[in-house]
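Read-outs: derived from the displayed coordinates by stated rules, not from any lab. Bear in mind that the values here come from a model prediction, so they are computed numbers and not experimental data. All Cβ positions, glycine included, derive from the backbone under ideal geometry; neighbour counts span all protein chains shown.
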Amino acid sequence: MDRFRMIFQYFQSNSESVMNGICGLLALASVKMYTCFDFSCPCLPQYNMAYGLGIMFVPPIILFLCGLILNRQSLVMLDEWRRPQGHRKKDLAVIRYMCSSIMQRAMVAPVVWIIVTLLDGKCLICAFSGSMDPEKFVGFANVTPVQLEQLLAKVPCKDDDLMRNNTSRKAVSRYLRCWSQALGWSILLILIVAAFLARWLRPCFNQATLLQARHWSNYIDIEQKIFEETCCEHSRLFAHKCILHFFESMRQEIKLHSFNLPREEEKDEGEEDLLRGITDQEQVNKLLKTWYYEKPPLDVS
Amino acid sequence: MDKFRMIFQFFQSNQESFMNGICGIMALASTQMYSAFDFNCPCLPQYNMAYGLGILLVPPFILFLLGFVLNNNISMLAEEWRRPQGQRGKDPAVLRYMFCSMAQRAMIAPAVWVSVTLLDGKCITCAFCTSVPVETFGNASHPHLSQGEIQRILARIPCKEIYNGQELIANEVAVRYLRCISQALGWCFVLLMTTLAFLVRSLRPCFSQVAFLKSRYWSHYIDVERKLFDETCAEHARSFAKVCIQQFFEGMSMDLAAGRCHLPRKASADMGEASKKLLGITDQGTMNTALKSWHRCKPPLHLHPLALPSGNGWAGEGQPPMHPSAPRRETAAYHSLV
């Protein structure tokens, strides 16, 4: 039980690992979304390119925006950027550091989508089948340009009547898929090399500034969390006091209207806390009615 | 068991994450509902559009209302909105904040339904199959077909088994075209929603941060205050009931003791803790009378000031035995409600 609580608290307190977790989840969600999505190329000359490239680039934008929205630190960074200076100077290096770490994390899911799309190949086949050079492929030699356009546009649709057993279709498809996968693997390689170099070479440049920026960005994050928790705690205490005052004022009112004054001294301290002087159905009803119709003022001084 | 309770408490205490949890569950439920739903296009010209658009738009509306219903804070909002002003002013900014945060959470499940529906494509295919441009994709010069006939044929596009217009326009071509439009609409819708959410979230710190902090604090305060008041009332009711029942048993045993001519005070002074808890009722007949009396004439909701217990035992301990018994007995006889 304690271990579980410790793990929870660890994740809660260490916001970097929470953000990494969200980042990973979004990347997994992007792969899942791609596999669930039923890609169906329209196989029409005017629509293929728009559809193919749309599927390749619009979901990454959505995933990028999701990555920014779900990241708590983006709000913290915006707060820090837009706040009035007041008594505390603003350090642009900290804001830049936070911005870059947010962007890096938000870019993971879109990049995963693009790479998965390219490695799968359907999008590129759909988008660029109409732009193929017919000279390279045997089956398209002796057709009019209009018919050629139509035929090439139908290449991504395996089940089409015209294309079912067409070997040229398979050739075009394989050719485009080969390009698509080559592009996908190249992009993946470049990104991994870039990430490796960035991480390896970073200590060579401005390590001290980086350490400071990281420390203060962490500080701002924790400060914000603690402020929210303190406000919650404060509102709880405030409400507690307000309700006690309310019960007390009800008791005073009842004492004024009844004639039990000599009994006060005999009442036990323990009971006071529990019943608070309200010992009658009408008194309880009056208390509840007053609570609704006239809530006490927000003043516990 | 402890683990579950801890998780439960974590979600309960952290109201926001609890609400987010409900939100996520409703979004998942909406995708599950869509995949479980058996979509059956009527394939008739007059009904297709109504069916398709109905399936696209009516369940989101239901899910939106459900999102409000399942939100605990809706009653809190209604209460705060309708309460008389009294000694405490009402802040419309707080009400607006509460309503907006509830509406935002309730919008997620409908948006998921609409996106899933559009990305799947069946609804749009069903609704707009009669509007497929036959001139562009099909054989518009097909003779001997009136407009009505063409509409009827096109309306059967979603139902592959009964489609008989292959010469007019190939079924696959029409379906692919409509599905492409539907998916494009779906992705645009998702992009629009995400952009709106991003703008709402990121523009807020630039403009009304102070008002936001105040509204958030006071809406949380109202929630906490309501819960604490309920807890205090529950505590009070518990003590009230305890004292009421103790007074009832006292009254009963006083009555029975008066009937049998022996004073229970002496008995309780001699016996130990356990017999004190018997409240003076020590045989079957007496117990039956007590139970009957509890059912037939419950005591009034009025606790006597002298009879309030000192916290751990009988009332009347340390007080002169004869003095309180007479008024108590009278109370039991005259104040009881039949």
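Taking a span of 30 Å or more along the helix axis (Cα atoms) and a mean Kyte-Doolittle hydropathy of at least 0.0 as the rule, the DSSP H helices of chain A that qualify are A:15-36, A:48-70, A:92-120, A:167-201.
Give me the percent relative contact order of the stretch A:53-131, please, defined on Cα pairs under 8 angstrom at least 6 residues apart.
Rounded, it is 50 percent for the stretch A:53-131.
Across chain A, Cα-Cα pairs more than 32 Å apart make up 59 percent of the total. Specify the inter-centroid distance of the stretch B:201-226 and the stretch B:83-135, based on alpha-carbon positions, in whole Å. The two parts, judged by their Cα centres, are 23 Å apart.
Pairs of Cα atoms nearer than 8 Å and 6+ residues apart set the relative contact order; for chain A it is 19 percent. Modelled spin-label separation between A:Phe39 and B:Leu70, with each label point placed 7 Å from Cα along the Cα-to-Cβ direction: 3.3 nm. Shielding of peptide A:244-252 by partners, expressed as the average count of other chain Cβ atoms within 10 Å per residue Cβ, is 1.
DSSP loop (so not H, G, I, E, B), at most 13 other Cβ within 10 Å: list which chymotrypsin sites (Phe, Trp or Tyr not before Pro) in the stretch A:208-262 pass both filters. In loop regions of the stretch A:208-262 (DSSP not H, G, I, E or B), the sparsely surrounded chymotrypsin sites (Phe, Trp or Tyr not before Pro) are A:Phe259.
One decimal place: the segment A:Glu282-A:Ala194 gains 24.0 nm when fully extended, by the rule 0.36 nm per residue minus the C-alpha distance.
How far, in nm, would the chain grow between A:Arg83 and A:His257 when pulled straight, counting 0.36 nm per residue and subtracting the alpha carbon separation? Intermediate results must be reported in sequence, preceding the final value.
Values: separation 174, 0.36 × 174 = 62.64 nm, distance 5.42 nm.
Taking A:Arg83 through A:His257 to full extension adds about 57.2 nm, to one decimal.
Measuring r between the beta carbons of A:Ala141 and A:Gln46 and using R0 = 25 Å, the FRET efficiency lands at 0.55.
Distance distribution note for the stretch B:208-251: the fraction of Cα pairs above 12 angstrom is 70%. Of the GluC sites (Glu not before Pro) found in the stretch B:150-222, those that fall in a DSSP loop while having at most 13 other beta-carbon atoms within 10 Å are B:Glu167. Note on B:237-248: average number of Cβ atoms from other chains within 10 Å of each residue's Cβ is 2. Take every pair of alpha-carbon atoms less than 8 Å apart whose residues are at least six positions apart; their mean separation over the length of the stretch B:20-207 yields a relative contact order of 29 percent. Mean per-residue shielding of peptide B:186-193 is 3, counting Cβ atoms of other chains within 10 Å of each Cβ.
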